[in-house]
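A.B. asks: Structure in structure tokens, see below.
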């Protein structure tokens, strides 16, 4: 099941938690993040939704660089300040973005849980990537080759790993909640 989760309990709002759900496209992270948010009554801050809205409302085009993440940090901060826990949902492929989420949590949450969702079966991961549809209108999903070619830096510390290969999504969410004490 991977290493022990990185849960940092730092000074901040005593009633709100930040759960950062990361991972490559098509591993199941959004399904897990949205179900977790419903179960723990948290805000679901999805970077894909933010980025698609920016593309539709501005002359900007993909890739947007840090724009979606910067908006996501601000939205999460507002929720945490209002004592609302947040489940942040993004690929989160770079140490700089991971560090930024940790900083949001350190300033505004009682704890930050970093989760990496993986699919350890490459055939299943590819099948998902090639057969899924987007829940966000007009969002163009990456191809399998784009997923393989995507920059994804190693973690500088072990996150809580949730492997969706051969696992039912509800079991994954239950496992995440148990291991992170949510």
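A.B. asks: By how many nm would the segment from residue 82 to residue 15 grow when fully extended, if each residue of separation counts as 0.36 nm and the alpha-carbon distance is taken off?
C.D. replies: 23.2 nm
A.B. asks: Restricting to Cα pairs below 8 Å that are 6+ residues apart, what does the relative contact order work out to for the chain? Please round to a whole percent.
C.D. replies: It comes to 39 percent, rounded to a whole number.
A.B. asks: Once you put a point 7 Å from the Cα of residue 124 and another 7 Å from the Cα of residue 165, both along the Cβ direction, what distance in nm separates them?
C.D. replies: According to this spin-label approximation, the distance is 0.8 nm.
A.B. asks: I've got another one for you. Between 148, 70, 24, find the one with the highest GNM mean-square fluctuation for the chain; connect C-alpha pairs within less than 10 Å.
C.D. replies: 148
A.B. asks: What is the spin-label model distance, in nm, from residue 139 to residue 40 if the labels are put 7 Å beyond Cα along the C-beta direction?
C.D. replies: Distance between label points: 2.0 nm.
A.B. asks: Now a separate question. Fully extended, how many nm does the chain gain between residue 153 and residue 70 (0.36 nm per residue separation, minus their Cα-Cα distance)?
C.D. replies: 28.0 nm
A.B. asks: I would also like to ask the following. Read through the labelled values (i) 29, 17, 14; (ii) 27, 21, 15; (iii) 24, 21, 15 and report the label of the one computed as semi-axes √(5λ) of the Cα gyration tensor in Å from the structure.
C.D. replies: So the structure-derived entry is (iii).
A.B. asks: Return the calculated 222 nm mean residue ellipticity for the chain, to the nearest 500 deg cm²/dmol, obtained by summing -39500 (n - 2.57) across DSSP H runs with n ≥ 4 and dividing by the residue count.
C.D. replies: -13500 deg cm²/dmol
A.B. asks: Which three extents, in whole angstrom, do the alpha-carbon atoms of region 42-144 cover along their principal axes, largest first?
C.D. replies: Rounded to whole Å, the extents work out to 39, 37, 24 Å.
A.B. asks: Let me ask you something else. When the Cα centres of region 113-153 and region 30-66 are compared, how far apart do they sit, in Å?
C.D. replies: So the separation of the two Cα centres works out to 15 Å.
A.B. asks: Quick one: if the Förster radius is 25 Å, what FRET efficiency do residue 60 and residue 103 give, using the C-beta to C-beta distance and rounding to 0.05?
C.D. replies: The value I calculate is 0.50.
A short reminder: the numbers here are calculations on the coordinates, not readings from a lab. Keep in mind the model is a prediction, meaning the values are calculated, not measured. All Cβ positions, glycine included, derive from the backbone under ideal geometry; neighbour counts span all protein chains shown.
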